[in-house]
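Participant: Here you go, one structure.
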Amino acid sequence: MNPFTFGNPIKDPSRFHGREAEIRQITNRLLSSAHESTSIIGERRIGKTSLLYHLSHPEVSTRLGLTPDKFCLVYADFQGLTDITPTRFWQRILKKMSRSVCDESLKPSIEKLGGQESFDLFDLEDLFESTQDKGLTVVLMMDEFEYVTQNPNFKGDFFGGLRSLAIHHGVALLPSTRRELVDLCHSDEIKGSPFFNIFANVVLRPFPRTEAASLVDGYLSSLEEAFSPEEKEFILRLGGGQPFFLQIAGHYLVDAKSQGLKARPLFERAVADFDQ
Ligand SMILES: Nc1ncnc2c1ncn2[C@@H]1O[C@H](COP(=O)(O)OP(=O)(O)OP(=O)(O)O)[C@@H](O)[C@H]1O
Ligand SMILES: [Mg+2]
């Protein structure tokens with residue numbers, strides 16, 4: 001089995017590498033007394049979804065101190081939802097939340113609200129007050145949040161409501177987008193709103209050499225066959241700092257090697273496959 005994969009986000013924590021500094025920043029803010037929000041920004045394929053999956057994995061979050069008795073981590077993906085409305089936004093969030101909340105006694109009220117045809121801020125405040133009373137911080141991980149900020153169905157009152165939940169009702173927001181949030185608004189009114197000043201930005205960049213090497217070493221060491229320093233260096237050079245390209249380069253090198261190729265023909269084949 002080839003340990004290098006590309007295309008789907010990483011789900012298994014043992015296959016996730018790097019991002020220690022970013023995880024620390026995000027976690028420290030969540031653990032602070034105000035349970036602060038962080039906006040995750042990164043270009044296509046840099047690893048935003050993988051990072052959110054990683055943080056929401058129960059073993060990982062517990063290890064980070066985000067224990068289920070204090071933090072309810074809710075992952076929701078907005079990709080492709082071009083005509084979503086605020087109602088559908090909350091229905092989606094509440095559905096995911098009822099699945100991930102660990103306190104069973106909260107489920108009926110989450111489900112009841114999730115079944116509503118419209119939401120006003122009072123209903124949402126009531127619900128999040130009840131989670132807050134249980135000592136829970138609800139962390140809304142909103143992947144591809146530009147589908148919300150760029151959509152004219154979402155007006156100032158929606159963002160104002162989200163901000164008020166974050167400031168007063170124990171909700172923390174972790175949106176992920178390809179560019180900075182303020183650059184992704186459909187109107188100047190929203191761009192100028194105070195919604196955005198609750199966030200600190202964490203920008204996902206290409207991996208530094210040490211993180212790239214940890215990924216490559218980690219994956220290669222799971223294989224029985226030994227890999228030479230030149231072969232490792234080849235993957236690092238071809239992939240650069242982009243985890244996505246490291247995975248592709250590694251995949252094709254492992255593939256070509258399993259076909260019995262060595263030395264130059266091995267590298268040539270891997271490059272040809274990589275370039276495809
Ligand atoms: N921390 C990581 N460890 C190992 N591999 C990673 C990591 N982050 C990303 N990858 C690799 O990069 C690929 C792209 O990652 P991911 O889908 O998470 O990026 P994304 O930023 O969400 O992309 P998009 O903007 O297209 O949604 C994954 O399929 C995986 O192969
Ligand atoms: Mg993604």
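The values are calculated or read from the model by the stated rules, or taken from the named source; none is laboratory data. Being a predicted model, the structure only gives us computed values, none of them experimental. FYI the Cβ positions are ideal-geometry reconstructions off the backbone, even for glycines, and counts take in every protein chain you see. Heads up: the accessible areas ignore ligands, DNA and RNA and are worked out on the full protein's heavy atoms, side chains in. Shrake-Rupley method; radii C 1.70, N 1.55, O 1.52, S 1.80 Å.
Participant: What is the sum of charges, Lys and Arg at +1 and Asp and Glu at -1, for the other residues whose Cβ falls under 14 Å from the Cβ of LEU124? Please report the intermediate quantities before stating the final value.
Facilitator: Values: positive: ARG92, LYS112, ARG163; negative: ASP120, ASP123, GLU125, ASP126, GLU129, ASP157.
Summing Lys/Arg as +1 and Asp/Glu as -1 gives -3.
Participant: Turning to a different aspect of this structure: Name the residue, out of ALA166, ALA212, ALA226, whose mean-square fluctuation peaks in a Gaussian network model built on the chain with Cα pairs under 10 Å.
Facilitator: Between ALA166, ALA212, ALA226, it is ALA226 that shows the largest mean-square fluctuation.
Participant: How big is the accessible area of ARG179 in square angstrom, nearest 10, if you roll a 1.4 angstrom probe over the protein chains?
Facilitator: The value for ARG179 is about 130 Å².
Participant: What residue among PHE119, GLN276, THR149 has its Cα farthest toward the positive end of the dipole of the chain, where the charges are +1 on Lys, Arg and -1 on Asp, Glu, each on the Cβ?
Facilitator: GLN276
Participant: Taking all pairs of distinct Cα atoms, average 1/r, flip it, and tell me the Kirkwood hydrodynamic radius of the stretch 130-194 in Å to one decimal place.
Facilitator: Hydrodynamic radius (Kirkwood, Cα pairs) of the stretch 130-194 is 12.6 Å.
Participant: Counting Lys +1, Arg +1, Asp -1, Glu -1, what net charge surrounds PHE274 among other residues with beta carbon under 13 Å of its beta carbon? Each step should come with its number before you reach the end.
Facilitator: Working: positive: ARG237, ARG269; negative: ASP255, GLU268, ASP273, ASP275.
Charge balance near PHE274 sits at -2.
Participant: Report, to the nearest whole %, how much of the accessible area of the chain belongs to carbon and sulfur atoms, 1.4 Å probe, protein only. Before the final figure, lay out each step's value.
Facilitator: Details: 6730 of 13510 Å².
Of the solvent-accessible surface of the chain, carbon and sulfur hold 50 percent.
Participant: On the full set of protein chains, 1.4 Å probe, figure out the accessible area of ARG92 and give it in Å² to the nearest 10.
Facilitator: So the heavy atoms of ARG92 present about 80 Å² to solvent.
Participant: Please identify the GluC sites (Glu not before Pro) of the stretch 1-79 that satisfy two criteria: DSSP loop assignment and at most 14 other Cβ atoms within 10 Å. Which are they?
Facilitator: Numbers: sites: GLU20, GLU22, GLU36, GLU43, GLU59; in loops: GLU36, GLU43.
Hits after loop and neighbour filter: GLU43.
Participant: Here's a follow-up. Averaged per residue, what accessible area in Å² does the stretch 105-237 show with a 1.4 Å probe, protein chains only?
Facilitator: 48
Participant: Would you mind pulling out the separation of the Cα centroids of the stretch 108-126 and the stretch 150-208, in Å?
Facilitator: Going from one Cα centre to the other spans 22 Å.
Participant: Could you compute the net charge surrounding SER98? Neighbours are other residues with a C-beta less than 9 Å from the C-beta of SER98; K and R count +1, D and E count -1. It would help to have the intermediate numbers written out before the result.
Facilitator: Numbers: positive: LYS95, LYS96, ARG99, LYS107; negative: GLU111.
Here the count lands on +3.
Participant: As a quick test, which of the pairs LYS48/LYS191; LYS232/LYS262; LYS70/LYS134; LYS107/LYS134 have an alpha carbon distance above 19 angstrom in this structure?
Facilitator: Working: LYS48/LYS191 23 Å; LYS232/LYS262 13 Å; LYS70/LYS134 8 Å; LYS107/LYS134 13 Å.
As for pairs spanning more than 19 Å Cα to Cα, those are LYS48/LYS191.
Participant: Under 10 Å, Cα contacts only: if you run a Gaussian network model on the chain, which one of GLY240, GLY80, GLY18 comes out with the highest mean-square fluctuation?
Facilitator: Per the Cα network of the chain with a 10 Å cutoff, GLY80 tops the list.
Participant: Please identify, among THR87, THR49, THR38, the residue showing maximal mean-square fluctuation in a Gaussian network model of the chain using a 10 angstrom Cα cutoff.
Facilitator: Highest fluctuation of the listed residues: THR87.
Participant: How many percent of Cα pairs in the stretch 32-88 exceed 18 Å? Each step should come with its number before you reach the end.
Facilitator: Details: 791 of 1596 pairs.
Across the stretch 32-88, Cα pairs with separations above 18 Å total 50 percent.
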